[in-house]
1. Taking a 1.4 Å probe, which of VAL16, VAL82 shows the most accessible area, and what order do the others take after it?
2. Can you tally the net charge around ALA41? Count Lys and Arg as +1, Asp and Glu as -1, for every other residue whose Cβ sits under 15 Å from the Cβ of ALA41.
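The values are calculated or read from the model by the stated rules, or taken from the named source; none is laboratory data. Worth saying up front: this structure is predicted, and the values here are computed from it rather than measured. Don't worry about glycine lacking a Cβ; one is built from the backbone with ideal geometry, like all the others, and counts go over all protein chains shown. These accessible areas exclude ligands, DNA and RNA; they are computed on the full protein's heavy atoms, side chains included. Shrake-Rupley method; radii C 1.70, N 1.55, O 1.52, S 1.80 Å.
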Amino acid sequence: MPLRGKRSGKVYAMRVISLNCEGIKNAREKGLFDWLLEQDADLICLQDTREEEQIIEDQYYLDGYFCYAFSGHMRTDHRGGVAIYSSSGTQLPIVVNDDRRVG
């Protein structure tokens with residue numbers, strides 16, 4: 001069943017989830033990844049992953065999703081970092097602030 005805007009009545013073609021996971025390791029242990037898979041989202045954006053990008057891409061994958069991760073390596077408190085998961089049908093080009101093309 002397609003999602004419709006309450007006011008506009010328009011049909012939304014993409015489902016997006018964005019949340020602060022306060023550490024991707026602890027979030028996964030608490031069941032976040034199981035919940036995310038149940039949501040059938042097209043795009044998932046996780047903030048404050050507190051993990052290195054290569055570790056996220058290697059160890060925190062979601063079946064059926066492409067993962068793009070960026071660590072908060074400039075922070076001394078080890079907070080920060082983001083992970084973006086896009087469903088198989090929505091592989092996206094992503095450009096970071098230094099113009100590196102990631103996907």
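1. Greatest to least solvent exposure: VAL16, VAL82.
2. Values: positive: ARG15; negative: ASP34, GLU38, ASP40, ASP42, ASP63.
Within the 15 Å Cβ shell, the charges total -4.
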